[in-house]
Structure formats: C-alpha cells, structure tokens
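One structure is given here, and the rest of the page talks about it.
The values are calculated or read from the model by the stated rules, or taken from the named source; none is laboratory data. Keep in mind that this is a model prediction, so the values were computed, not measured. As a convention, Cβ positions derive from the backbone with ideal geometry for all residues, glycine included, and neighbour counts pool all protein chains shown.
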Amino acid sequence: MRKVTIFIAGLSLLLVLAAGLTGCGKKAETLEQMRVDGKKALDAGEFNRAVNIYKQALKEKPSDRDLLYYLGLSFKRLDMIDSALVYLRRAKLLNPRDREINKELIELCPAVGDFEGAIKAIAVMISTGDNEQMYWPALAELYFLVDDSYMAAKYNALLIAADSDLAPAYMKLATSYSKMGRYGQSNEVMFRALDRFGPLAETCGNIGINYVGLQQFEEAEVYFRLSLEIDPEHAPTALNLAHALGEQDDRAKKEEALRIYRQYASQAPPAYNVDSIISVLEGQL
C-alpha cells in the first residue's frame with residue numbers, strides 16, 4: 001500500500017512540473033504573439049489597438065526595450081506626446097545610447113518644454129557618430145531657450161559663420177552677449193546685422209538697450225529714436241527712450257522724458273516703477 005502511495009505522489013509531482021513547463025512556454029509564446037500583433041496594428045494605423053496590445057505585453061516584461069519603444073511610438077501617432085514620452089524616457093533609461101530612442105526624444109521633448117532632454121538626446125547622437133554640424137540650428141535654439149547664454153552664443157556664432165544670411169541667429173547671438181553683460185560685443189553683432197539686413201526697429205532698439213548697459217545714454221537715445229521712426233507705437237521702446245533722456249543732464253530732455261512717461265504710464269509693466277520715476281523727474285524739474 002505504501003508503494004502505491006509513493007508512486008501516486010511522485011506521479012502528481014511530475015504532472016505539476018509538466019503543467020508549469022507548459023505554462024511558461026505558453027506565456028512566452030503569448031508575449032511573442034503580442035509583439036507581432038502590436039507591430040501589425042502600429043503599421044496598419046490601428047494605434048489605439050497597438051497601445052492596448054503593448055500595454056498588456058509590458059505587464060509580462062516591463063523592461064523590454066522594443067515594447068517600451070513601440071508603445072511610445074503608438075502614443076506619438078495618437079498625438080499623445082506626454083504619454084509617448086513616459087515610455088520613451090523609460091526606454092532610454094534602460095538603453096541610454098540607443099539611437100532610435102534618442103532620435104524620437106529630440107523631436108518630442110521640445111513639444112513639452114523639455115529642452116534639456118532634447119539637448120542630452122542630441123549629445124548621444126553626436127557621440128554615436130553623427131556630425132555635430134547637423135545639430136547646430138537645434139542646439140542654437142535649445143540653448144537659447146534654456147537660457148544658457150554661453151552655449152547659445154557659441155552655436156549662433158557658428159551658424160552665422162556658416163551662413164551670414166540667418167537673420168534670427170544675429171538677434172540670438174546679440175541677446176546672448178547682452179545677457180552675459182557683454183554689451184559691446186552684442187552691439188558689434190547688431191551693427192553687422194544692420195549692414196546685412198538694413199535698419200529694423202528691433203535691431204535699433206536692442207542697440208539702444210546695449211548703450212544703456214554701457215551707460216552711454218546719448219548714443220542710446222539716437223538708436224531708440226531710430227527704432228521709433230520705424231515703429232512709432234512701440235511702447236517699450238518709447239519708455240526706454242524716456243529712460244535714456246532722463247539720465248542725461250539736460251532740462252529739455254528730462255522734460256521730454258517726463259512727457260513720455262506720463263503718456264505711456266498705463267502701458268508700462270509694474271517693474272518699470274513709472275510712478276516713482278515721474279515723481280523723481282518732477283522733483284528734478
């Protein structure tokens with residue numbers, strides 16, 4: 001009787017092991033089938049179906065590169081950028097130098113204001129073989145947006161050296177120099193822009209702002225007036241002119257500054273402290 005019991009127990013154990021092996025095989029087979037079905041759905045434009053398939057597949061293998069990548073692409077096709085980035089960022093975390101993943105991040109990160117993420121993705125593409133020059137326009141813009149003036153200046157200067165007709169690059173380069181307090185260099189760029197593209201209100205106005213930074217108020221006045229000749233209704237430039245006039249030791253100019261401040265007081269941002277400036281000028285006069 002004991003032999004029969006042992007035999008039955010052994011047989012039961014074998015059946016359990018066999019069932020477990022069969023289950024593992026079926027699970028793997030199901031995952032591979034989901035991979036195939038998900039890609040078919042994605043290629044066929046059935047993006048919602050692809051999302052559902054890949055989400056289910058990720059429950060079986062959460063760190064799978066292809067599942068994360070293609071789920072991200074499926075969300076991208078649905079214009080669900082935030083969701084796409086969730087999975088593409090996870091994919092990059094596990095595969096930091098993957099070119100396909102980083103290429104997607106370069107495109108999608110700026111759409112949600114993640115400019116640093118795009119810069120880091122570009123760095124991977126360059127370190128894995130791409131020529132840096134193909135990314136100069138993107139880097140010039142991205143570094144400007146993250147307020148890294150040094151790097152923004154570097155790449156906008158490279159763009160201008162390669163193509164002197166890129167008007168926006170001049171403005172970004174000059175602005176970057178101004179933010180670093182390099183007002184003279186900024187004006188050198190602005191004067192080159194004037195020679196290249198002719199007098200524009202923005203260019204003349206920025207030259208005036210740089211002269212204010214250099215405490216050269218008479219020169220600032222000249223360029224603010226030139227800017228206003230081109231765009232007479234631009235309130236910020238008028239207020240800048242008033243500032244340049246008010247800083248000069250000339251009663252007529254201070255009177256003109258006071259008139260301008262009174263005219264544009266309602267349009268001035270609180271940071272300008274126009275009411276206080278008006279009081280000071282009235283006291284001086």
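List the pairs whose first member sits in region 223-236 and is over 17 Å from ALA257 (Cβ atoms), whose second member is surrounded by 15 or more Cβ atoms within 10 Å (Cβ to Cβ) and β-branched (Val, Ile, Thr), and whose Cβ atoms are under 9 Å apart, counting only residues at least 6 apart or on separate chains?
Qualifying pairs under 9 Å: LEU226/ILE207; ASP231/THR237.
Can you tell me which residue among ILE119, ILE101 is within 30 Å of VAL189 (Cβ to Cβ) and either assigned by TED's automatic domain parsing to the domain that holds SER63 or at pLDDT below 95 (or both)?
Details: ILE101 fails: within 30 Å of VAL189 (Cβ to Cβ).
Every option except ILE119 fails the conditions.
Has region 37-59 got any residue that is in a loop (DSSP other than H, G, I, E, B) and buried (at least 18 other Cβ atoms within 10 Å of the Cβ)?
Narrowing region 37-59 to residues in a loop (DSSP other than H, G, I, E, B): 44-46.
Remaining after also requiring buried (at least 18 other Cβ atoms within 10 Å of the Cβ): none.
The answer is no, given that none of the residues of region 37-59 is in a loop (DSSP other than H, G, I, E, B) and buried (at least 18 other Cβ atoms within 10 Å of the Cβ).
Would you say GLU100 is free of Cβ contacts under 8 Å to residues at least 60 places away in the same chain and more than 27 Å from the chain's Cα centre (by Cα)?
Details: free of Cβ contacts under 8 Å to residues at least 60 places away in the same chain: yes; more than 27 Å from the chain's Cα centre (by Cα): no.
Against the criterion (free of Cβ contacts under 8 Å to residues at least 60 places away in the same chain and more than 27 Å from the chain's Cα centre (by Cα)), GLU100 does not qualify.
Hey, can you tell me all the residues within region 247-277 that are of a type in the set (S, T, N, Q), touching a residue at least 12 places away in the same chain (Cβ under 8 Å) and under 15 Å from PRO236 (Cβ atoms)?
First, the residues of region 247-277 that are of a type in the set (S, T, N, Q): 248, 263, 266-267, 273, 276.
Next, from what is left, pick out any that are touching a residue at least 12 places away in the same chain (Cβ under 8 Å): 248, 263, 267.
GLN263, GLN267 - these are the residues of region 247-277 that are of a type in the set (S, T, N, Q), touching a residue at least 12 places away in the same chain (Cβ under 8 Å) and under 15 Å from PRO236 (Cβ atoms).
Tell me the residue from ALA174, ALA121, ALA162 that is more than 22 Å from LEU58 (Cβ to Cβ) and touching a Leu at 6+ places or on another chain (Cβ under 7 Å), please. If you could, list the steps in order and put the result at the bottom.
Details: ALA174 fails: touching a Leu at 6+ places or on another chain (Cβ under 7 Å); ALA162 fails: touching a Leu at 6+ places or on another chain (Cβ under 7 Å).
Result of the check over ALA174, ALA121, ALA162: ALA121.
Got a sec? Which of ASP147, ASP165 is modelled with pLDDT under 95 and among the acidic types (Asp, Glu)? I'd like the intermediate steps shown before the answer.
Details: ASP147 fails: modelled with pLDDT under 95.
Checking each option against the conditions leaves just ASP165.
Got a sec? Which helices (runs of 4 or more DSSP H) wholly within region 155-268 have at least 3 residues that are surrounded by fewer than 20 Cβ atoms within 10 Å (Cβ to Cβ)? Spell out how you get there, then give the answer.
On the way: elements: 167-179, 183-197, 201-213, 217-230, 235-246, 251-264.
It comes to 167-179, 183-197, 201-213, 217-230, 251-264.
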